[in-house]
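One structure below.
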Protein chains: 2
Amino acid sequence: MTREEDRQGHRGSGKGAPLYMALLHYPVYNRRGETVTAAVSNLDIHDLARAAMTFGIRRFYVVTPVEEQRALVRRIVGHWMDGYGSRYNPGRRKAFETVTVTSSLEEAGKDVERETGNRPVTVATGAALEAPLMTFSELGMLLRTGDRPWLILFGTAWGLAKDAVSGADRRLEPISGVGEYNHLSVRSAAAVVLDRIRKNM
Amino acid sequence: MTREEDRQGHRGSGKGAPLYMALLHYPVYNRRGETVTAAVSNLDIHDLARAAMTFGIRRFYVVTPVEEQRALVRRIVGHWMDGYGSRYNPGRRKAFETVTVTSSLEEAGKDVERETGNRPVTVATGAALEAPLMTFSELGMLLRTGDRPWLILFGTAWGLAKDAVSGADRRLEPISGVGEYNHLSVRSAAAVVLDRIRKNM
């Protein structure tokens, strides 16, 4: 799919607001609460691209300030888009069409603005975000009824660092489970978040 | 946590039916639709154990007929339960408490029967199961109101083979996304399934 085809609405068209997501590898926390740049995980890209395709995300930004890591992601994506992988698994190829590599969140936002004509509203996600929080149903409703683009932010490692959260326009409520434990992987959490906000579409 | 503490209801107690899940590595399909035994993936165990803990699953069975693979899983679990990993990441340790390794689904079912006194109702999951299908809300309701144990079956690779599906008592509706694409990883799909059936608990 070319960028032009996509702009004409091949994905997520006619169903409310254009929805984007980004996986940030910086600034994120390590387990000691220090702000770090996390390494890109091949499986994160696979799983989140498949979830993006399933839940009608127009573009999935893989964001890292490290050029070598961006080159790695481009190689992985190329393998599944054009290389042996595209013949081995055409379904995976389709998912990888959503992937775009950028060096910063700002660059991803500008890309959304180029595509839609509007700066996206950014929404931080995390297991321990503080009020005021946007509920899943509130975000889902705004997506169904509005036309402003939205960009949902996920963090790798131990989650988005404070700077990434405070820089976002909104904060999404955490995923509640049955008890107090809610340490989902970003692969599981992103799928649940997208499923919850896409409900009733 | 000892088995005795668990039986007394440390997990998932007082909230309706005891819920279990199993990740089957055989019989599953490869991409050509052939029935194979898939290799165990370290990350599948991590992600599904974390989802199990988050959504109140009493026990997560990792099922493979290959003894070497079972030994590998026991080594991984041991690392996070007793080894360096248990000090490095106590949250992960908690999730791994749910993991039990068995050689067959039958063995997992017998384990549930030993714990609860009842044979579990098995529910197959998959992206392309055929009617009659149980809905997520139907299963959720039965979990809230009943006391019979349930065992949800997930397949690795390209999903549960026909024999595994037809041997199950029930089949769960597939996860619907926004369009026709619904090729989620088992790591994403299991989290979404658990989230959907646990809604409103």
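The values are calculated or read from the model by the stated rules, or taken from the named source; none is laboratory data. Keep in mind that what you see is a predicted model, and the values were worked out from it rather than measured. Note: ideal-geometry Cβ built from the backbone for every residue, glycine included; neighbour counts use all protein chains shown.
Restricted to the range A:36-130, the set of helices (runs of 4 or more DSSP H) holding at least 1 residues that are modelled with pLDDT of 95 or more comprises A:42-54, A:67-81, A:105-116. The set of residues from the range B:84-129 being touching a Leu at 6+ places or on another chain (Cβ under 9 Å), over 15 Å from B:Arg74 (Cα atoms) and among the aliphatic types (A, V, I, L, M) comprises B:Leu105, B:Ala108, B:Val112, B:Val121, B:Val123, B:Ala124, B:Ala127, B:Leu129.
When you check A:Gly179 against the structure, is it surrounded by fewer than 19 Cβ atoms within 10 Å (Cβ to Cβ), within 11 Å of chain B (Cβ to nearest Cβ) and either farther than 18 Å from A:Ala128 by Cβ or free of Cβ contacts under 8 Å to residues at least 12 places away in the same chain (or both), yes or no? Against the criterion (surrounded by fewer than 19 Cβ atoms within 10 Å (Cβ to Cβ), within 11 Å of chain B (Cβ to nearest Cβ) and either farther than 18 Å from A:Ala128 by Cβ or free of Cβ contacts under 8 Å to residues at least 12 places away in the same chain (or both)), A:Gly179 qualifies. All of B:Ala71, B:Ala95, B:Ala127, B:Ala52 fail the test of being within 14 Å of chain A (Cβ to nearest Cβ) and over 23 Å from B:Val165 (Cβ atoms), apart from B:Ala95. Got at least one residue in the range A:140-150 being touching an Asp or Glu at 6+ places or on another chain (Cβ under 8 Å) and either within 12 Å of chain B (Cβ to nearest Cβ) or among the β-branched types (Val, Ile, Thr) (or both)? No, the range A:140-150 has no match at all.
Of all the residues in the range A:15-49, those that are within 13 Å of chain B (Cβ to nearest Cβ), surrounded by fewer than 21 Cβ atoms within 10 Å (Cβ to Cβ), without any contact (Cβ under 8 Å) to a residue 60 or more places away in the chain and within 17 Å of the chain's Cα centre (by Cα) number 2.
Return the residues of the range A:138-161 that are part of a helix (DSSP H, G or I) and in contact (Cβ under 8 Å) with a residue 24 or more places away in the chain; say none if nothing qualifies.
First, pick out the residues of the range A:138-161 that are part of a helix (DSSP H, G or I): A:138-145.
Passing the criteria: A:Leu139, A:Gly140, A:Leu142, A:Leu143, A:Arg144, A:Thr145.
A quick yes/no check of all residues on (1) in contact with a Phe, Trp or Tyr (Cβ under 9 Å, 6 or more places away or on another chain); (2) crowded, with 21+ Cβ neighbours inside 10 Å:
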residue	(1), (2)
B:Ala95	yes, yes
B:Thr98	yes, yes
B:Asp111	yes, no
B:Arg114	no, no
B:Gly117	no, no
B:Pro120	yes, yes
B:Thr125	yes, yes
B:Pro132	no, no
